[in-house]
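Structure record follows, encoded as structure tokens.
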Amino acid sequence: MAMKELGKAFEPADAEKRLYDYWLKNKFFAAKDKSESPAFSIVIPPPNVTGMLHMGHALNNTLQDIIIRFKRMQGHNTLWMPGMDHAGIATQNVVEQQLRKEGLSRHDLGREKFIARVWEWKEKYGGVIINQLKRLGCSCDWDRERFTMD
């Protein structure tokens, strides 16, 4: 049997997406609704939807991931619930700054259009944040993701 030749350097990007997708497909991170095992859960202190994650988020989520994986290895039925905070005033401020760059104000748009614009912001940057957490390898139960405005 021929041996596969290894590359000169390990390229983590080649393995990360493939393995993470496999873990998600096989529901390795999903909590069971009914289980005899002891329960253990963590709710992510939700990052604000106002931008992208920073090093503090990376550290915090890494520590949570270590704990939740350790509890899984101990046989617990684990739930690590992801979510995001709407950060009302901060999000409003960021969207208003964006509007100013376009020569507009929230008053120019009116209430309904401004609220729609805030939700567009949430969809754009909320997706970025969730993808960043996934790229970190966070073993959250993504089917249970929540938003503070749900």
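The numbers here are math on the coordinates, done by the rules we state, and not lab data. Model, not experiment: these values are computed from the prediction. Backbone-built Cβ (ideal geometry, glycine too); neighbour counts: all protein chains shown.
Of the residues contained in the stretch 38-47, one or more are found to be assigned to a loop (DSSP other than H, G, I, E, B), of a type in the set (A, V, I, L, M, F, W, C) and either touching a Pro at 6+ places or on another chain (Cβ under 8 Å) or in contact (Cβ under 8 Å) with a residue 40 or more places away in the chain (or both).
Within the stretch 1-37, restricting attention to residues that are without any contact (Cβ under 8 Å) to a residue 12 or more places away in the chain and among the small types (Gly, Ala, Ser), the residue that is farthest from Val95 (Cα to Cα) is Ala2. Against the numbered list (1) in a loop (DSSP other than H, G, I, E, B); (2) surrounded by fewer than 12 Cβ atoms within 10 Å (Cβ to Cβ); (3) without any contact (Cβ under 8 Å) to a residue 60 or more places away in the chain, Met52 comes up short only at (3). Scanning the stretch 1-32 for residues being assigned to a loop (DSSP other than H, G, I, E, B) and farther than 19 Å from Ile68 by Cα gives a total of 11.
Just one of the listed residues (Glu123, Glu102, Glu96) is farther than 25 Å from Arg18 by Cβ, free of Cβ contacts under 8 Å to residues at least 40 places away in the same chain and surrounded by 12 or more Cβ atoms within 10 Å (Cβ to Cβ), namely Glu96.
Residue count for the stretch 17-36 under the criterion of being more than 23 Å from Asp85 (Cα to Cα) and surrounded by 14 or more Cβ atoms within 10 Å (Cβ to Cβ): the result is 2.
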